[in-house]
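Reading through the structure tokens given below for one structure.
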Amino acid sequence: MRSKIVAGNWKMNKNMEETEALLAEVSAKLPDTTAKVMVAPTFVNLASAVNQLEDSTIEVIAQNMHFAESGAYTGEISADMLLNIGINTVILGHSERRAYFGETDEILEKKVKAALAKNMKVMFCFGEELADRKSDNHFKVVESQLKNALFGLDASAWSSIILAYEPVWAIGTGETASPEQAQEMHAFVRKTIAAAFDQNIADNVSILYGGSVKPSNAEEIFSKPDVDGGLIGGAALVADDFIAIVKAI
Ligand code: PEP
């Protein structure tokens, strides 16, 4: 059975004190849930977040990592550095990394392989831009993002992959994919994985939706059969909103 997951991507927000305060509020208000709850603060606050949440079921995850083991990559963070502070899951392929930091499918494939080689879990983000959807190319674009970065993996790697469908036009824009659009794409992704690997892998991979999820729309989006939770940006920065979204699952 695949897991239900709600993950908060804090992006480049919250200083150390603010991180501590938000984590304290979220963990104090966390409802009893079988869903996995994850938060991704900035790199500089990861170690303290892990310590703060030592006794919590909330998992602290990273927003990015480099593919190299170590070396002359100024400003970068390796898998080993994350593991060393207790981080076992990393978000890769976020559309902001692709758009602002030139991360291509080729780079992402290397990052995914590097994380998996260290037994980390990967939350892999993908999604089409508005022009792709307008020109009816959204399925093709998503298929090629998945194929280029993930379809060279061994079948056994899939137990360490979480997918997050994030249509670029819905991220931080207030515009959300309709629950039907999300379901349609998630079902397509599952079918594509079944064809490339097998049905069992497709049935067991969690596929999250991301893009302006908020308390008012979370329940309807999460009610769709192929939507296994959400990757939450803006709404994850407000404890009551994030908690309401966790409750919606
Ligand atoms: C995101 O950045 O992953 C995201 C989904 O952002 P938002 O919820 O703000 O659209």
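Values quoted throughout were computed directly from the atomic coordinates according to the rules given, and no laboratory measurement underlies them. Keep in mind that this is a model prediction, so the values were computed, not measured. Cβ placement follows ideal geometry from the backbone for every residue including glycine, while neighbour counts extend to all protein chains displayed.
Values computed for the structure shown
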quantity	calculated
Sorted by Cβ neighbour density within 10 Å, fewest at the top, the residues I5, I58, I85	I85, I58, I5
Fully extended contour minus Cα-Cα distance, from M1 to N148, at 0.36 nm per residue	50.3 nm
Cβ-based exposure ranking for V227, V44, in which fewest neighbours within 10 Å come first	V44, V227
Cross-link pairs K4/K191; K29/K147; K11/K247; K11/K113 - those with Cα-Cα distance over 29 Å	K29/K147
Farthest positive-ward along segment 98-210 dipole, Cα basis, beta-carbon charges - from A117, F151, S135	A117
Extension gain from E76 to E180, taking 0.36 nm per residue of separation minus the Cα-Cα distance	33.6 nm
Separation in nanometres of the label points that stand 7 Å from Cα toward Cβ, at L83 and N200	2.6
Helix-only mean residue ellipticity at 222 nm for the chain, each DSSP H run of n ≥ 4 adding -39500 (n - 2.57), per residue, nearest 500	-12500 deg cm²/dmol
Extension gain, A187 back to D105 (0.36 nm per residue minus Cα-Cα distance, nm)	27.3 nm
Debye, to nearest 20: dipole size of segment 5-238, +1 on Lys, Arg Cβ, -1 on Asp, Glu Cβ	260
Principal axis dimensions, largest first and in whole angstrom, of segment 5-238 by Cα	45, 44, 33
Footprinting exposure proxy for D154, D203, D241 (fewest neighbouring C-beta atoms within 10 Å first)	D154, D203, D241
